[in-house]
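Step one of this worksheet: look at the structure below.
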Amino acid sequence: MSNTATTGPRQDNRRLQLLDAAARLFRAHGYHATSMRDIARAVGMLPGSIYYHFPSKDELLLTVYEEGVRRIAERVDAAVQAQRQPQQRLQAACIAHLEMLLDQSDYAQVVLRVVPDNTGPSQRRLIALRDQYEVRFKQLVAELELPPEVDRHYFRLLLLGALNWAQTWYRPGGDPPRIIAMELLRALYGGENQT
């Protein structure tokens, strides 16, 4: 009985260690260049033991990606709930999204850097996770008062693309995520102050 009680949490701890190591290595070296052996070595585990927790590298990637999306979504949802006006809600979402990406979290970077089209069996599931996350921005953009000629679909794609691309050019010590997000929104609104 005590044997079962101690085995469960320890196994969960090993699973978390594997996820953290996989996120770190996928971010540093890319999904395809990281082997299960590399991940097992990073946590001091025999390579075959990793399959007790994850049946394949594909499943491990999916779990890391899922955790990254969950963390970003949680931060964005909390930020949006604190606001009432549509423009403020979108601004809060953009700031939270950008803060998560620029925070350099391994999980968030995997979400950004792993292109679902290049992942094989998990491709559809990764795309579904990304799409579920982006529904938030679709709803937020739908609430905005925009000129009738503005295509909301392209507005959202342009906004998310600009936010996601910031991690490639951002340097620590530059403008904080809040300023970057506000300036990107100002540019999309055509220079009008919507905040």
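The values are calculated or read from the model by the stated rules, or taken from the named source; none is laboratory data. This one's a predicted model, so the numbers in the text were calculated from it and none came from an experiment. Note that each Cβ is placed from the backbone with ideal geometry, even for glycine, and that neighbours are counted across all protein chains shown.
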Which one is surrounded by the most Cβ atoms within 10 Å (Cβ to Cβ) among residues in region 123-159 that are among the charged types (D, E, K, R), touching a helix residue (DSSP H, G or I) at 6+ places or on another chain (Cβ under 7 Å) and without any contact (Cβ under 8 Å) to a residue 24 or more places away in the chain? ARG156
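Output the residue which, of all residues in region 23-63 that are under 13 Å from ARG113 (Cβ atoms) and part of a helix (DSSP H, G or I), is farthest from the chain's Cα centre (by Cα). Please lay out each step first, then the result.
Pass one, region 23-63, residues under 13 Å from ARG113 (Cβ atoms): 23-34, 61.
Now restrict to residues that are part of a helix (DSSP H, G or I): 23-29, 61.
Working: ALA23: 11, ARG24: 14, LEU25: 16, PHE26: 13, ARG27: 12, ALA28: 16, HIS29: 17, LEU61: 13 Å.
In this case the residue turns out to be HIS29.
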Scanning region 14-32 residue by residue, those in contact with an Asp or Glu (Cβ under 8 Å, 6 or more places away or on another chain) and of a type in the set (A, V, I, L, M) turn out to be LEU19, ALA23, LEU25
Looking only at region 94-104, count every residue that is without any contact (Cβ under 8 Å) to a residue 40 or more places away in the chain and either within 9 Å of GLY68 (Cα to Cα) or assigned to a helix (DSSP H, G or I) (or both) and tell me the total. 2
Which numbered condition GLY120 fails, given (1) at pLDDT 90 or above; (2) farther than 21 Å from GLN85 by Cα: (1)
Considering residues of region 39-73 that are surrounded by 16 or more Cβ atoms within 10 Å (Cβ to Cβ) and acidic (Asp, Glu) only, the residue farthest from ASP106 (Cα to Cα): ASP58
For residues that are in a loop (DSSP other than H, G, I, E, B) and among the acidic types (Asp, Glu), scanning just region 127-168, find the one that is nearest to ALA79 (Cα to Cα). GLU145
